[in-house]
Amino acid sequence: MELKVSNITKNFKDLKAVDGVSYTFNKGVYGLLGVNGAGKTTLMRMLCTLTKPDNGEISFDGKNIFSLDDEYRKILGYLPQDFGFYPEFTVWDYMGYISSIKGLRPSVGKQRSEELLKQVGMWRLKNKKMKKLSGGMKRRVGIAQAMLNDPKILILDEPTAGLDPSERIRFRNLISELSENRIVLLSTHIVSDVEYIAGQILLMKDGKIERSGTAEEIISSIPEKVWVLCTERENVDHYLKNYKVSNIKSTSDGAELRIISAEKPKDNATSVNITLEDVFLSYFGEKGESADV
């Protein structure tokens with residue numbers, strides 16, 4: 001199983017949303033990490049055949065996905081950042097509606113709907129109207145509908161948007177369960193969403209894949225070190241303006257700063273282990289910005 005992206009570009013007027021991206025996906029979980037506006041959604045819409053690239057090609061097992069057309073969509077599951085639904089539908093009605101759109105036989109659709117709603121923890125709420133669901137519940141139903149056709153390729157765009165921390169943990173566990181024998185690609189700007197479940201992480205910036213690899217490979221790729229230092233509160237602005245500060249914690253004596261820098265920012269600074277959040281700031285952050293990643 002191979003989903004291959006070959007030098008694709010996509011322009012919107014003067015904006016180059018995706019700029020010469022090439023990558024090959026095989027079975028496993030891939031995390032597409034980048035700030036808002038990096039081009040993640042545009043890339044995913046092309047992978048889902050919702051938008052055609054201006055140049056380049058996307059192929060599945062050697063065949064162009066746009067030529068495969070419905071044959072490709074039958075093996076595809078997609079959860080967009082904002083998915084539509086009829087607000088008066090119950091959860092069960094909605095799953096039945098999506099089953100029919102995906103061409104599943106009624107008996108198969110009902111069986112899959114029951115299995116998936118149980119898996120995402122929404123079975124007891126199957127008769128609740130969609131408009132009455134919380135944001136986290138809607139995302140769980142969204143994941144269930146994306147899995148109805150048991151897709152070989154599962155694409156999730158900002159799947160944890162609006163979820164609280166406990167719901168994000170539940171989501172990560174669910175994706176780990178669903179990832180067997182399929183390609184799972186999820187985009188996010190929340191580092192913890194991909195740090196523990198993605199075998200490969202892709203850092204996307206300004207429409208390009210800046211870096212890819214395992215979490216360990218990406219962490220080892222930045223040349224800077226990470227330092228922790230304690231300082232008086234009146235000095236915090238100085239460090240924010242002159243360094244990449246990934247975290248600020250108030251203390252009784254002032255503030256504890258986590259700083260990314262090639263050089264030791266102050267004599268009392270202590271070197272600590274680099275995390276993926278530090279890498280995120282190193283690639284995407286700027287001096288002078290508060291970077292509570």
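3J(HN,Hα) along region 197-205, derived from phi through the Karplus expression 6.51 cos²θ - 1.76 cosθ + 1.60 where θ = phi - 60°, amounts to 10, 8, x, 10, 10, 10, 8, 10, 9 Hz, with x in place of Gly and Pro. Computed on the Cα trace of region 30-170, the radius of gyration divided by the Kirkwood hydrodynamic radius gives Rg/Rh = 0.98. Using the average count of surrounding beta-carbon atoms within 10 Å as a protection proxy, the listed peptides 145-152, 71-78, 165-172 rank, highest first, as 145-152, 71-78, 165-172.
Remark on Glu210: its backbone amide H falls under 5 Å from those of Leu203, Met204, Lys205, a criterion applied only to residues 5 or more positions apart or on other chains, H modelled at 1.01 Å from N. Electrostatic tally near Gly62: other residues with Cβ closer than 11 Å to its Cβ, Lys and Arg +1, Asp and Glu -1, net -1. Highest GNM mean-square fluctuation among Lys244, Lys110, Lys13, for the chain modelled with Cα contacts below 10 Å: Lys13. Here's how it looks for Lys225: its modeled amide H is under 5 Å from those of Ser261, Ala262, which are all 5 or more places away or on a different chain. Between Tyr78 and Ile155, the built amide H atoms are under 5 Å apart, and every one of these is 5 or more places off in sequence or on another chain.
Think of region 28-83 as having a plus end and a minus end, set by charges on the Cβ of Lys, Arg, Asp and Glu; of Ile65, Leu32, Leu43, Leu32 sits farthest toward the positive end of this dipole. Run the reach check for Lys266 against lysines, Cα to Cα strictly under 16 Å, same-chain hits fewer than 8 apart removed. What comes back? Cross-link targets: Lys225, Lys241, Lys244. Counting only lysines at least 8 places from Lys129 when in the same chain, those with an alpha carbon closer than 19 Å to its own are Lys110, Lys118, Lys138. Just to be sure I understand: with springs between alpha-carbon atoms less than 10 Å apart, which residue in Val35, Val272, Val245 has the highest mean-square fluctuation in the Gaussian network model of the chain? Result: Val272 has the largest fluctuation of those listed.
3J(HN,Hα) along region 257-264, derived from phi through the Karplus expression 6.51 cos²θ - 1.76 cosθ + 1.60 where θ = phi - 60°, amounts to 10, 10, 10, 9, 7, 5, 10, 5 Hz, with x in place of Gly and Pro.
Here, each number is a calculation from the coordinates, and none is a lab measurement. Note that the coordinates shown come from a computational prediction; the quantities given were computed from them, not determined experimentally. Virtual Cβ from ideal backbone geometry, glycine too; neighbours counted across all protein chains shown.
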